[in-house]
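To start, the structure itself, in structure tokens.
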Amino acid sequence: GIGATPALALSKEGFVSVKGALHVDRNAEYGQGLVDKLAANMEANGTDSSTIQPVFGQSRTASAEAIKAFGAKHNECHFICCGPLGFMKSAMKTLQEAGIEGDKIHCEMFGTGSVKK
């Protein structure tokens, strides 16, 4: 599902079978590093990593369209959403619009910003 950070930890230990991943990130340099690590974990657990779909630097509309298409394609799966609250609300709504039931959508919130003044 969506959210490379929790999927990375879960896939490393083989706790879950990651069938695909959609990673939305504003920063391609940072995001690609997560995608590469997730691909290595999936391959180590015998899963085809070609199902990873990175979406970097796209508009909110384009990101939502990618989430909806990914959800429709993988509707039998559970989805992990990770990110700021606004992103997760949008991702959850978009997945539900794609026909994903709410109990298949799991969220892990983190915030962005700086503690420096």
*Could you give me the ³J(HN,Hα) list for region 25-36, computed from phi with Karplus coefficients 6.51, -1.76, 1.60 and θ = phi - 60°, whole Hz, x at Gly and Pro?*
8, 6, 10, 5, 4, 5, x, 5, x, 5, 4, 4
*Would you kindly derive the ³J(HN,Hα) couplings of region 48-58 from the backbone phi angles with the Karplus curve 6.51 cos²θ - 1.76 cosθ + 1.60 (θ = phi - 60°), listing them in order in whole Hz, with x for Gly and Pro?*
5, 7, 5, 7, 7, 10, x, 10, 10, x, 8
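Contour minus end-to-end for residue 93 and residue 72, with contour as 0.36 nm per residue of separation and end-to-end as the Cα-Cα distance?
Values: separation 21, 0.36 × 21 = 7.56 nm, distance 1.31 nm.
Difference between extended and current length: 6.3 nm.
Express in nm, to one decimal, how much length is gained between residue 40 and residue 85 on full extension, taking 0.36 nm for each residue of separation and deducting their alpha carbon distance. The partial results should precede the final answer.
Details: separation 45, 0.36 × 45 = 16.20 nm, distance 2.84 nm.
My answer for the length gained is 13.4 nm.
Laboratory data are not the source of any read-out in this text; all were calculated from the coordinates shown. This one's a predicted model, so the numbers in the text were calculated from it and none came from an experiment.
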